[in-house]
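Trainee: The structure's right below; bear with me while I get my questions together.
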Amino acid sequence: MYEGDDLQKIPKLGLATKTKLLCSNIKTVGELKGLTENKIKEIARGDPNIKIGEKTLKKFVSASLTAKEGSAPGKLDYRKSVNPYQARYGLNWEDKVKESAQLKAVCCITDLIEHIVHESELLYKDTQYKDTWKFYHDALSLMTAKETREWMARKDYLRRWILPEKKLLQWDTTLSMYWGRPVGNSPENMPWDNCLNQDLHNSVDKLVMLSEELSEEDKFELSTPKQGAKAYIMALKENPKSYRIVHDIKQVLKSLEIVRAKKGVRCDEVANPSGRRREPVKEKRSGRGGKRKQAPDDYGLEVSQCPEMAKGVSVKLEKSRKRRIIVKNEGARA
């Protein structure tokens, strides 16, 4: 808003108020901004047909104080600039772009990498690994792109990324696309993709189920994105469990060795892959596989460690106890 703007640039200042101000020879935002205390009282006590309440007039004068000097600049075609967004929004143009509704569901690759690096730094801070830690991530096309790798090198992030070394695969020119980078989308090499995502989903399902008897404030649901986010954030405080993280990281090492032994062919021993590199199962599998080893059941442990789950269980047990008493009393009467 500029001092040379029309009066109706001020929020909630309508045509009727503008007409009354024009009768007092006030035509612009700047002229309204310059009103003194005495002038405000004079207008408020003036002709009953054109007067404006003193309180209302002060509110509009207060709103006009933010107006910039001079008149608004003419219309600019930012598209003609080298960077249209920077020309329009200044140094904070990237933040403005990210506020766009079209970008709510996506993330810039550099933001993802910055998040990985900064969170890893916090994790290993004040430990013996603070200078030697590394991260692993499978091959996102934007992450392995030349420009991204050059950016990571400038930021000193590239040395942190675990990548093929000692010219691995470089004896075969047909595999040049894989030189110095991880191979494609490989869930068997990503702990979260192996089991941990499913562990988290299961924990959220338990949280929703056990809290259904609680009040609306304490209940967890998946009915809306906002409610779903609330449930997942709560579940992430306790899940995945440490032993499950260790299990899946070890599973990655096991998968890498299996794929190496198969000379790079994806096979059924590692997750359930599909695609051109999948090796079909040749032997028939029996429905019986020997003595079963029971997996640890941490359901009770998970409930005991999560106050929200424990509260839901208590309410459910109390309702169940009351139902049993009612059934017992009805049986005694009969």
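Trainee: Amide H to amide H, which residues 5 or more places from Y2 or on other chains are under 5 Å from it, using H placed in the peptide plane?
Mentor: K68
Trainee: Report the trypsin sites (Lys or Arg not before Pro) located in region 91-144 that are in a DSSP loop and have at most 13 other Cβ atoms inside 10 Å of their Cβ, or state none. Write out the running numbers ahead of the final one.
Mentor: Working: sites: K96, K98, K104, K125, K130, K134; in loops: K104, K125, K130, K134.
Those satisfying the criteria are K104, K125, K130, K134.
Trainee: Quick one: dipole size for region 7-116, taken about the Cα centre, charges +1 on Lys/Arg Cβ and -1 on Asp/Glu Cβ, in debye to the nearest 20.
Mentor: Values: 21 positive and 12 negative charges, 126 e Å.
It comes to approximately 600 debye.
Trainee: So, one more: Place +1 on the Cβ of every Lys and Arg and -1 on the Cβ of every Asp and Glu in region 7-64, take the dipole about the Cα centre, and give the residue among L21, N38, I10 whose Cα lies farthest towards its positive end.
Mentor: Projecting each Cα onto the dipole axis, the largest value belongs to I10.
Trainee: Sticking with this structure for a sec: Arranged by the count of other C-beta atoms within 10 angstrom, fewest first, what order do F60, F135 take? Provide the component values of the computation, followed by the final result.
Mentor: Working: F60 21, F135 14.
Listed from fewest to most nearby Cβ atoms, that is F135, F60.
Trainee: Please compute the contact order of region 1-100 in relative form: average sequence separation of alpha-carbon pairs under 8 Å and at least six residues apart, divided by the residue count, as a percent. Write down the numbers at each step before the final one.
Mentor: Values: 99 pairs, mean separation 30.6, N = 100.
Rounded, it is 31 percent for region 1-100.
Trainee: Return the whole-Å distance between the Cα centroid of region 173-233 and the Cα centroid of region 80-147.
Mentor: Here the answer is 21 Å between Cα centres.
Trainee: I've got another one for you. Which ordering of M234, M209 is given by a fewest-first count of other beta-carbon atoms within 10 Å?
Mentor: Details: M234 19, M209 13.
Fewest-to-most ranking of M234, M209: M209, M234.
Trainee: What full-extension length gain, to one decimal in nm, is calculated for S100 and L168 as 0.36 nm per residue of separation minus the Cα-Cα distance?
Mentor: On the way: separation 68, 0.36 × 68 = 24.48 nm, distance 4.21 nm.
20.3 nm is the gain from fully extending S100 to L168.
Trainee: Enumerate the amide H contacts of F135 below 5 Å, restricted to partners 5 or more residues apart or on another chain; note that Pro and chain-start residues carry no placed amide H.
Mentor: W161, I162
Trainee: Only Cα pairs under 8 Å and at least 6 apart count here; give the relative contact order of region 109-178 as a rounded whole percent. Numbers along the way, then the final one.
Mentor: Values: 32 pairs, mean separation 19.2, N = 70.
It comes to 27 percent, rounded to a whole number.
Trainee: Per residue of region 74-86, in order, report the coupling 6.51 cos²θ - 1.76 cosθ + 1.60 (Karplus, θ = phi - 60°) as ³J(HN,Hα) in whole Hz, putting x for Gly and Pro.
Mentor: So the J values, rounded to whole Hz, are x, 5, 10, 9, 5, 4, 7, 7, 4, 10, x, 6, 5.
Trainee: Let me know the charge dipole size of region 7-64 about its Cα centre in debye, to the nearest 20, where only the beta-carbon of Lys, Arg (+1) and Asp, Glu (-1) is charged.
Mentor: On the way: 13 positive and 5 negative charges, 38 e Å.
That gives a dipole near 180 debye.
Trainee: Describe numerically, in nm with one decimal, the distance between label points set 7 Å from Cα along Cα→Cβ at S314 and at H137.
Mentor: Each label point lies 7 Å from its Cα, and together they span 4.2 nm.
Trainee: Can I ask one more? Hey, what do the phi angles of region 7-23 turn into as Karplus ³J(HN,Hα) couplings, whole Hz, using 6.51/-1.76/1.60 and θ = phi - 60°, x for Gly and Pro?
Mentor: Along region 7-23, the couplings run 4, 6, 5, 6, x, 6, 8, x, 5, 5, 5, 4, 4, 5, 5, 4, 5 Hz.
Trainee: Would you order Y129, Y178 from fewest to most other beta-carbon atoms within 10 Å of each residue's own beta-carbon? Intermediate values should be presented prior to the final figure.
Mentor: On the way: Y129 11, Y178 18.
Least crowded to most crowded, the residues run Y129, Y178.
Trainee: Here's something else I'd like to know. Any idea what the dipole of region 109-178 comes to, in debye rounded to 20, about its Cα centre with Lys/Arg Cβ at +1 and Asp/Glu Cβ at -1? Intermediate results must be reported in sequence, preceding the final value.
Mentor: Values: 11 positive and 12 negative charges, 54 e Å.
Result for region 109-178 is approximately 260 debye, rounded to the nearest 20.
Trainee: What length, rounded to one decimal in nm, is gained on full extension from L222 through to I258, with 0.36 nm per residue of separation minus their alpha-carbon distance?
Mentor: Details: separation 36, 0.36 × 36 = 12.96 nm, distance 3.86 nm.
This chain segment gains 9.1 nm when fully extended.
Only the coordinates and a few stated rules stand behind these numbers; no lab work does. Nothing here was measured: the structure is a model prediction, and the numbers come from that model. Cβ atoms come from the backbone with ideal geometry, glycine included; neighbour counts cover every protein chain shown.
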